[in-house]
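This report refers to the structure that appears directly beneath it.
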Number of protein chains: 2
Amino acid sequence: MVRIALVGGTGHQGPGLALRWALAGHEVLIGSRRGEKAERVARELARDVMAVGVEYGFGHGINQEVVSKADVVVFTIPFGGVRATCEALRDRIRPGAVVVSPVVPMREADFGLIADLPEEGSAAELIASLLPQARVVAAFHTVSAGLLRDVGRPVEGDVVVCGEDEEAKRLVMGLVEDIPNLRPLDGGPLAYSRVLEALTPLLITMGKRLKRPNLGIKFI
Amino acid sequence: MVRIALVGGTGHQGPGLALRWALAGHEVLIGSRRGEKAERVARELARDVMAVGVEYGFGHGINQEVVSKADVVVFTIPFGGVRATCEALRDRIRPGAVVVSPVVPMREADFGLIADLPEEGSAAELIASLLPQARVVAAFHTVSAGLLRDVGRPVEGDVVVCGEDEEAKRLVMGLVEDIPNLRPLDGGPLAYSRVLEALTPLLITMGKRLKRPNLGIKFI
């Protein structure tokens, strides 16, 4: 059992991961900048797992609170919030905690949505530079938030996991495996998160073109 | 039937595509900087298709010759040769010809192999800027050269095809479909070739780690 805090867990990507990890028996804490919002989403998510027959109580609180209790902190926030969030949480994240980045920096170019990677290489590398006490692992870039949220349906696909710390990477690969039908793949050092972050806008635009909004990938 | 010239077709990626398109009934011309090398490889490839029961004569010649006869020109060359090749072939490629770029610019960083995209955005976009008379389409970045070459075995996977010219893109998607078990997917404008070119070094390094040297991808 892992104690997982979802920073910005009330947003787009947090709720789906929260549900899946709750069903896998982990202790999931929903974080938000506003405590009452975290509480409300925690209640809603508890109803969602109840709908598949599982009684579960999500922890909740402001981001600073939930990360201080967690072994694994997942940054389910937009790229625009990364610097301020790292600043706000720097002293609250436990030394040696695993910080998971599914963050994708994107911009709307004239030809369409494309990655807008920061100078540090990727959002994950930026987070690692801002949180030296954390073990940053990049993962979950190519898994549809909508599919994760729909707990009645399986979510299929591969999740490439990158990071410098092998133990932290194994732990996150285990969290991928805890979600039925997802397969973790070791993507090597954290720098390969650049590729994963670049892939997401292609998946989104191709998904729209193919009318497959939840497009994912598999390595064969 | 399409007349296809493979520039640098004697190298790593050319022979496999040549074999597959020969078996699909296209007219394939092997190009090289040295005419005798093109001739030798054309003979070797003819033996390879004969081994699967098909009699076929590959055209061959120096790059300048073969591209001047072709409707589709495939740049099966390393990134380092792109500028000089465009310079040498600029006046020989037919106006309106389709130029296919499977080119992947890579460098060996301290953490491993990674894409080294040019200022223009991608190798394909660089080629488009150097050959304004051509209709450049990016494709075949995620298909193993080794699997393509092994004509007795099917080569599975998805091929994302990017380009500005819809007709040219459809033509190349047809050439993907001509290779059994490959599926073409419309990847949108040429700028998305940046993502495809970035993906290849990840496939190579992950393939080594997984002991799956011919790793490809599928979108699900």
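The values are calculated or read from the model by the stated rules, or taken from the named source; none is laboratory data. The shown structure was predicted, so the numbers you read here are calculated from the model rather than taken from an experiment. A quick note on method: Cβ atoms are made from the backbone with ideal geometry, for glycine too, and the neighbour counts reach across all protein chains shown. What goes into the accessible areas is simple: the full protein's heavy atoms, side chains included, and nothing from ligands, DNA or RNA. Shrake-Rupley method; radii C 1.70, N 1.55, O 1.52, S 1.80 Å.
How large, in percent, is the carbon and sulfur part of the accessible surface of region A:2-89 at a probe radius of 1.4 Å? Spell out each step's value before the answer.
Numbers: 1800 of 3700 Å².
Within region A:2-89, the accessible surface is 49 percent carbon and sulfur.
Per-residue SASA remark: A:MET50, around 100 Å² accessible (1.4 Å probe; ligands, DNA and RNA not included). For B:ILE220, the amide hydrogen comes within under 5 Å of the amide hydrogens of A:GLY216, A:ILE217, A:LYS218, counting only partners 5 or more places away or on other chains and with H modelled in the peptide plane. Taking the protein heavy atoms of region B:145-208 in the context of the full set of protein chains, the accessible area attributed to carbon and sulfur is 50 percent at 1.4 Å. Model label points for A:ARG153 and B:ASN181, set 7 angstrom from Cα along the Cα-to-Cβ axis, are 2.9 nm apart. Karplus-derived 3J(HN,Hα) values for region A:102-109, using 6.51 cos²θ - 1.76 cosθ + 1.60 with θ = phi - 60°, are x, 5, 10, x, 9, 9, 8, 8 Hz; glycine and proline are entered as x. Starting from the label point of A:GLY174 at 7 Å along Cα→Cβ, the same points in the other copies fall at 5.4 nm, in ascending order. Converting phi to 3J(HN,Hα) with the Karplus coefficients 6.51, -1.76 and 1.60 and the offset θ = phi - 60°, region A:185-195 yields 10, 6, x, x, x, 4, 4, 6, 4, 4, 5 Hz in sequence order, with x at every glycine or proline. Under 5 Å from the amide H of B:VAL137 lie the amide H atoms of B:VAL99, B:VAL100, B:SER101, each residue being 5 or more positions distant or on a separate chain, with H modelled from the backbone and absent for Pro and chain starts.
In Å², rounded to the nearest 100, what is the total accessible surface buried by chains A and B against each other with a 1.4 Å probe?
On the way: alone 10340 and 10340 Å², together 17790 Å².
Summing both sides, the interface buries roughly 2900 Å².
Pairs of lysines in chain B whose Cα atoms sit within less than 26 Å of one another amount to 4, provided the residues are eight or more positions apart or on different chains.
Residues whose amide H falls under 5 Å from that of A:HIS60, counting only those 5 or more places apart or on a different chain, are A:ILE30, with hydrogens built in the peptide plane.
Among the residues of B:185-192, the average count of other protein chain beta-carbon atoms within 10 Å of the residue beta-carbon is 5.
Using Cα-only point scatterers and the Debye equation, what is log10 of I(q)/I(0) for the protein assembly as shown at each q in 0.08, 0.09, 0.10, 0.12 Å⁻¹, rounded to two decimals? Reported log10 I(q)/I(0), two decimals: -0.49, -0.61, -0.72, -0.94. Taking every alpha-carbon pair under 8 Å whose residues sit at least 6 apart, chain B reaches a relative contact order of 18 percent. So which residue, out of B:ALA139, B:ALA191, B:ALA88, gets the largest mean-square fluctuation from a GNM of chain B using Cα contacts under 10 Å as springs? Result for chain B, Cα springs under 10 Å: B:ALA88 fluctuates most. What the pair-distance distribution of chain A shows, using all Cα-Cα distances binned every 10 Å from zero, is 9, 36, 39, 15, 1 percent.
From the Cα gyration tensor of region A:1-103, with a ≥ b ≥ c the square roots of its eigenvalues, which class applies: rounded if a/c is under 1.5, or else prolate if a/b is larger than b/c, or else oblate? Could you put the intermediate results ahead of the total?
Details: a/c = 1.86, a/b = 1.56, b/c = 1.20.
It comes out prolate by the Cα gyration axes.
The residues of region A:1-145 have, on average, 41 Å² of accessible surface per residue, using a 1.4 Å probe with all protein chains present. Ascending distances from the A:GLY35 label point to its copies in the other chains, with the point 7 Å along the Cα-to-beta-carbon line: 8.4 nm.
Quarter the surface of the alpha carbon convex hull of region B:82-153 and you get the mean projected area, 6.5 square nanometres.
Region B:108-220 has equivalent-ellipsoid semi-axes of 23, 20, 11 Å, by the square roots of 5 times the alpha carbon gyration tensor eigenvalues, sorted largest first. In region B:204-220, the residues whose accessible area drops by at least 50 square angstrom when the other protein chains are added to the isolated chain are B:MET206, B:ARG209, B:LYS218, B:PHE219, B:ILE220; the probe is 1.4 Å and only protein heavy atoms count. Contact with the other protein chains removes 30 Å² or more of accessible area, compared with the isolated chain and a 1.4 Å probe, from these residues of region A:77-126: A:PHE111, A:ILE114.
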